[in-house]
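> Dropping a structure here in structure tokens format, bear with me for questions.
Since every read-out is calculated from the coordinates, none of them should be taken as a lab result. Values in this document were obtained by computation on a predicted structure and should not be read as measured data. Don't worry about glycine lacking a Cβ; one is built from the backbone with ideal geometry, like all the others, and counts go over all protein chains shown.
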Amino acid sequence: MFKNCVVAGLGSVGLLGSSVAMAGGLQRTTQSVSAILTPGNYAEISYTRVVPDITGTGTLSGVGTGDAAENFNLPAGLLKVDLTDRLAAGLFVDQPFGIDLEYADDMPEFGGTDSTADSIAFTGVLAYTLPYEFTLFGGVRQQRVGGNVTLQGLGYGPLSGYNVDFRNDWGTGWLAGVAYERPEIALRVALTYNSRITHKLPSRERLDTVVATPVGAVPVSLDQSSVTSIDTPESWLLEARTGIAPNTVAFGSVRYVEHEKSLLEPELFTNLAGRGLVDFDDTITYELGVGYRFTSFFSGSVSGLIEDGNSAPYTPLRVAGDRQAVALGGLFQLTERVTFGTGLSYFWLNGSPVSTSGDPLAEFDDGRFWAFTGKIGVAF
């Protein structure tokens, strides 16, 4: 009865995840591999453009932060092939982590502070279908991360002028999951665990500052190379969908990410400041939506998202609180084998005070951002 229902992922929210400038951590995608459960051979490429609007004001100066979060892009791709009637293989490529944050130069508290990080991940997955509609799947993820941080402004005191460059490093992790399906009613429930991945980042730290002494201000210049260890977080993702009426499907997900163990502690900064460069909170994200097949050519969806777990005050490199979102998605059946999907998502984020320690030095307004997604899928 529900065989021809619109099925998974019409909403574009699932393509986006969270960025450090907008949510609890560095993560920008959900790292879902549910496409490994798609019947038949399938390939897909997608592109997402994210346009944030996150601004605040210095509490001492009254000067604005500027638009602290920069626009960014999220290309991704996947290939899934049936090897036998029960065994399937897939390759997934995405950019799971990232940050692009910069304060206006004329803001006394944090002006000139900026942080960038990027990543790419290649995930290989095998899935085996068991009797009674169960499927086991698992795989290996190879991931590269790197970045650069500069701290400027009164809020950092003698550490203003600090810079660290994290050279790219590759790390290896794994994933495992189980799914249950009832195709006749478009039912699927899948649980996926993604392991943490340890990176050993070759790091060069530099600090040019002025220190007050009994004989006056003395310029200090430090330059140190070391290796900084960071774990990208482990996560659990529960995804579900089911037919609820002819041509209609309900879908949703719950995702837990253990950000708190992702400590960034470069040696020179940690020794001078007595703390790490940035810390994060664990988050839980809930998504719920409904999709409808309007014609044989077009299906659409609407969904909502809520994230919980972020606590205030925040640091200058983590400036936004819990987020909510609504998304519209559309899927066009261009030919028997080719589909084109598009999505529009609107996120809003709770404002928050920002501090390096002690009293807040900036106050961020409620933020927002738009995300535009397009994807092409080919069955073969």
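> Across segment 251-267, in residue order, what do the Karplus-derived ³J(HN,Hα) couplings come to in whole Hz, using 6.51 cos²θ - 1.76 cosθ + 1.60 with θ = phi - 60° and x for Gly and Pro?
9, x, 7, 10, 9, 10, 10, 8, 6, 4, 8, 8, 8, 10, 10, x, 4
> Follow-up. Could you tell me the distance between the Cα centroids of segment 94-150 and segment 324-360, to the nearest Å?
Between the Cα centres of segment 94-150 and segment 324-360 lies a distance of 16 Å.
> Mind checking which aspartates and glutamates have their Cα closer than 15 Å to the Cα of Lys261? Skip sequence neighbours fewer than 8 apart in that chain.
Leaving aside aspartates and glutamates fewer than 8 places away in the same chain, those within reach of Lys261 are Asp231, Glu234, Asp279, Asp281, Asp282.
> Below 12 angstrom from the Cβ of Ser225, what's the summed charge of the other residues (Lys, Arg +1; Asp, Glu -1)?
Result for the neighbourhood of Ser225: -1.
> Amide H neighbours of Trp174 under 5 Å, at least 5 residues apart or on other chains, H built in the peptide plane: list them.
Result for Trp174 returns Arg141, Ser195.
> Okay, next question. Could you work out the equivalent-ellipsoid semi-axes for the chain, taking the square root of 5 times each eigenvalue of the Cα gyration tensor, largest first, in whole Å? Before the final figure, lay out the partial values.
On the way: eigenvalues 363, 98, 49 Å².
Each semi-axis is √(5λ); the values are 43, 22, 16 Å.
> Hey, can you grab everything whose amide H is under 5 Å from the amide H of Leu264? Only 5+ residues off in sequence or another chain; H modelled, so Pro and N-termini drop out.
Leu277, Val278
> Amide H to amide H, which residues 5 or more places from Arg28 or on other chains are under 5 Å from it, using H placed in the peptide plane?
Hits under the 5 Å cutoff: Ser18, Phe97, Gly98.
> What ranking do Glu336, Glu258 get, fewest neighbouring Cβ atoms within 10 angstrom at the top?
Values: Glu336 7, Glu258 17.
Fewest-to-most Cβ neighbours within 10 Å comes out as Glu336, Glu258.
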